[in-house]
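Please read the structure below before turning to the comments.
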Amino acid sequence: MSSTTNFSSKSTNHMSNETKEECLHDKADFHENTRHNKNHTPKKDKIDILLAFGGLSREHNVSIISASNIIPHIDPEKYNLNLLYITKEGKWLLCDKYQFKTECDFPDEIIPTIKGIPVYLPIGQGKVSHLYSQESGKIAKIDLVLTLLHGRNGAGGVMNAIWNSVGIPNVGPSMAGGVIGFDKDIMKRLLSEAGLPICRYELIHQKNYSPSSLKDLKSKFSYPFFIKPANSGSSLGVHKIYNDQEFYEKVNDVFLFDNKLIIEEYIDGSELEIYCYEAENIIKTSIIRQTIVGAEYDFYTFEAKYGTDNATTNIKKIPADIPEEDHEKVRQMVIKAYKVLEGRGETRMDLFYSGQGDIYINEINTVPALMSRKSQPSLWDGCGISHGMIIDELIASALKKAD
């Protein structure tokens, strides 16, 4: 039983000459920068960390921003940091960490061009402790991986399952926890069975869908209601439906994201966000943020969450403007949900808070985005916990479990 603390691809073997030349140039720059940066000379007693980001999902750019914002919190006195950038096409590049732009260098809306050395992870050869390049062999030692990939491969637990398969400790969702958290149908069923409050919903498999499905839905839900992919993140593929025509127009868009469609009742109110993580069998919770979506957005869309003007149009209250007893109620619900959903590492729970004071769990984010602190102050700040402290604890916990 956990106790709780209240803080109210291997790259292809055949490359074009042009690609080889670019890779050699990047490799030379990489080693040249490393040689001339004496302050970053690796020490044997440091832990070799690989930060994986980018990826195949539509949240690719969000992952890049998250990586740029977490790098300043990784202590160079404790860790040797290497960056693994996974392109939108799935290629693996080992980046030069001294050239990668961080939060202070570019605003969130500008995504830098990222270059690096093509690398791969040898699969099927037993336990692995390095990334490899085609030309140099072993190129980057790995003691532990921090996964900042979003979407099915990241939040869904796939990448961490790959690290597990070659014996590399990692921070982020387990395979089970990732699948459970990313599939909202499975997640909702488990939460409901555990007695935790969720919104009323129905599930339609694409193979069973027909235009006549709406007739049955209208007997269970009144407009407006939501339709969303069971497997997606950052509100991608989510639509608020006001009438029959909108339903027929948007339903096919949902099926572009997933073959399972969720119909969910609309809760008139605000959204609550709270972070939690477990280290040394203690589950810690942050303070709660309350978001009232700006008038120009119909709900908390991708643009409302990550758009450049979201900080001024959305009303964010930290801590949430709800009764004190509801703060504690949310905290206890989140701790229970973290256990039920096989939480691992830092997660963010999103909840709905109705105008009548009812609370519903919306979803768990197993790899929460780390946006600019200028627009989204950390919910840990008021708890006396820094991102650096969280990273230290998660790394220590993951390495201990791997021993």
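Of note:
- Difference of contour (0.36 nm per residue) and Cα-Cα distance, N252 to K220: 9.4 nm
- Segment I292-E135, length gained on full extension (0.36 nm per residue, minus Cα span): 51.2 nm
- Amide H contacts under 5 Å for F100, placed H, 5+ residues apart: none
- Placing pseudo-labels 7 Å out from each Cα toward the beta carbon at S212 and A402 gives an inter-label distance of 5.6 nm.
- Förster radius 30 Å - calculated FRET efficiency between Y98 and N61, Cβ distance, rounded to 0.05: 0.85
- Amide H partners (placed H, <5 Å) of A279, local residues excluded: K284
- Amide proton proximity set for V171, modelled H, under 5 Å, gap of 5+: V145, L146, T147
- Between D358 and E193, the simple label model (points 7 Å from Cα in the Cβ direction) yields a spacing of 2.4 nm.
- Per-selection Kirkwood Rh - region 165-279 (Cα, Å, 1 d.p.): 15.8 Å
Each reported figure results from applying straightforward, stated rules to the coordinates on display, with no laboratory input. Remember, it's a predicted structure, so these values are computed and weren't measured experimentally. Ideal geometry is used to build each Cβ from the backbone, glycine not excepted, and the neighbour counts take in all protein chains shown.
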